[in-house]
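Undergrad: I'd like to ask you about the structure that follows.
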Amino acid sequence: MKTALKTNEPAAPKTRLSFIKMDGNILRLLIIMLTIFIIASITKPSTFLSVANFLSMEKQMVEYGLMAIGVGIAMIAGGIDLSVVYIANLSAIVAGLFMQKFAVAVSGPEQIFFIVLGILLGLLTGIVCGLFNGFLIAKLRIPAMLATLGTMQLYMGIAIIVTGGSIVSGLPEPFAIIGRTNVFGIFTMSFIVYIVIVAIVAYYIGKTKYGLKLYLLGTNEKASKFAGIKNNQIIIRAYMLSGVIAASAGLLSLARINSAKADFGSSFVMLTILIAVLGGINPDGGAGKILGIFLATITVQLMSSYLNMFPEISNFYRDMIWGIALILVLIVNHVLNKKSEAKLMRLTSQ
């Protein structure tokens, strides 16, 4: 009669909620997000918990949420993209001018055709801008901060020249409907598009060979090169991806407000960096998740909407609040990283 052999191996750990336990930053974000939601719901229930407020939050967070993803991808690669806001504006302006010229004067299927072409032209603008950023950083070896600071001014300058400093408006009605349509009365069409983009990018960065190479590059560029990874191609693709995501943000903004301007959303530059860092993206590269950026975007929007319900708090304080928040997040992440490194050192020395 056979008997089972006993071993001294420990039992396998339970896997329930392991996806949260594996990433402490995601857990912290969920706690912060729920805390803000509960406080706002208790103190301002009639205004905060209204459907109109949730629809407003959805519309606002989509644009800088997408830009933050672009910044996050560049950070994972070990760089940064300061030009995302102006790529978004330039892409929206190019698409808007094209639709003004070709789509407004026609109707029916022909109008839809020109609207689609306008959208594709806007996305192509984002791709070209992203490729140029990547070329400067990967091929010419210009530091990412300086390169994208320069292209930020370049793209804004091109947008001002193209528009003459005026606002592009008066777009065809079928395109504007994208920014006004609600699904089931609680989800805006732009928010649904945002969720789809987040899901696609999260899979592409987190589950593909390219994503793995991107993280390896951000962790150690020299080691990545010796491992046979073509670093220049990875960098260029990262900034191209950042550019097309920024262009998507610009197009959704164009549909929402039915206009575009060269300097629209200039305050979003710092906000996108805050969201990326708050979402767990390491500014030094090689760490962070798109899910973290998504949760950080919701957290920041909840806080922003809550602050708007206090008229005594001036909007002039908003940038100061975001600046303080960014510094605090950097300090907290630095302390936590030091603790993790010390713990790892103790484990390896045993």
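Undergrad: Report yes if some residue within region 124-131 is hydroxyl-bearing (Ser, Thr, Tyr) and in contact (Cβ under 8 Å) with a residue 24 or more places away in the chain; otherwise report no.
TA: Within region 124-131, one or more residues are hydroxyl-bearing (Ser, Thr, Tyr) and in contact (Cβ under 8 Å) with a residue 24 or more places away in the chain.
Undergrad: Collect the residues in region 147-177 that are among the β-branched types (Val, Ile, Thr) and either over 15 Å from SER253 (Cα atoms) or open to solvent by less than 40 Å² (accessible area, probe 1.4 Å) (or both), keeping them in residue-number order.
TA: Passing the criteria: THR148, THR151, ILE158, ILE160, ILE161, VAL162, THR163, VAL168.
Undergrad: Right, next: Got a sec? Which of ILE186, ILE192, ILE205, ILE236 is surrounded by fewer than 19 Cβ atoms within 10 Å (Cβ to Cβ) and in contact (Cβ under 8 Å) with a residue 12 or more places away in the chain?
TA: Of the residues listed, the single one that is surrounded by fewer than 19 Cβ atoms within 10 Å (Cβ to Cβ) and in contact (Cβ under 8 Å) with a residue 12 or more places away in the chain is ILE186.
Undergrad: Of all residues being part of a helix (DSSP H, G or I), at pLDDT below 80 and more than 22 Å from the chain's Cα centre (by Cα) in region 303-333, which is surrounded by the most Cβ atoms within 10 Å (Cβ to Cβ)? Just the residue, please.
TA: Checked region 303-333; the qualifying residue surrounded by the most Cβ atoms within 10 Å (Cβ to Cβ) is TYR317.
Matching residues to (1) modelled with pLDDT under 95; (2) more than 24 Å from the chain's Cα centre (by Cα):
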site	(1), (2)
LEU27	yes, no
GLN60	yes, no
LYS101	yes, yes
LEU120	no, no
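Undergrad: Here is a further query. Just to be sure, is MET145 part of a helix (DSSP H, G or I), more than 19 Å from GLY70 (Cβ to Cβ) and touching a Leu at 6+ places or on another chain (Cβ under 8 Å)?
TA: Judged against the criteria, MET145 is not a match.
Undergrad: Residue check: is LYS6 in a helix (DSSP H, G or I), modelled with pLDDT under 95, among the basic types (Lys, Arg) and farther than 21 Å from LEU278 by Cβ?
TA: Answer is no for this residue.
Undergrad: Another one. What is the one condition in (1) part of a helix (DSSP H, G or I); (2) closer than 29 Å to ILE161 by Cα; (3) polar (S, T, N, Q); (4) at pLDDT below 85 that SER266 does not satisfy?
TA: With respect to (1) part of a helix (DSSP H, G or I); (2) closer than 29 Å to ILE161 by Cα; (3) polar (S, T, N, Q); (4) at pLDDT below 85, SER266 is out only on (1).
Undergrad: Report, by residue number, each residue of region 138-156 that is within 20 Å of the chain's Cα centre (by Cα) and within 13 Å of ILE80 (Cβ to Cβ).
TA: ALA144, MET145, ALA147, THR148, LEU149, THR151, MET152
Undergrad: Let me ask something else. Could you check region 148-177 and list, in sequence order, the residues that are outside any helix (DSSP H, G or I) and under 30 Å from ALA238 (Cα atoms)?
TA: Hit for region 148-177 is VAL168, nothing else.
Undergrad: Tell me the residue from ILE20, ILE69 that is modelled with pLDDT under 85, hydrophobic (A, V, I, L, M, F, W, C), touching a helix residue (DSSP H, G or I) at 6+ places or on another chain (Cβ under 8 Å) and assigned to a helix (DSSP H, G or I), please.
TA: Going through ILE20, ILE69 in turn, the sole match is ILE20.
The values are calculated or read from the model by the stated rules, or taken from the named source; none is laboratory data. What you see is a predicted model, and the numbers here were worked out from it, not measured in a lab. Counting neighbours? That spans all protein chains shown, and the Cβs are built from the backbone with ideal geometry, glycine included. When the accessible area is computed, the model is the full protein with side chains, heavy atoms only, and any ligands, DNA or RNA have been set aside. Shrake-Rupley method; radii C 1.70, N 1.55, O 1.52, S 1.80 Å.
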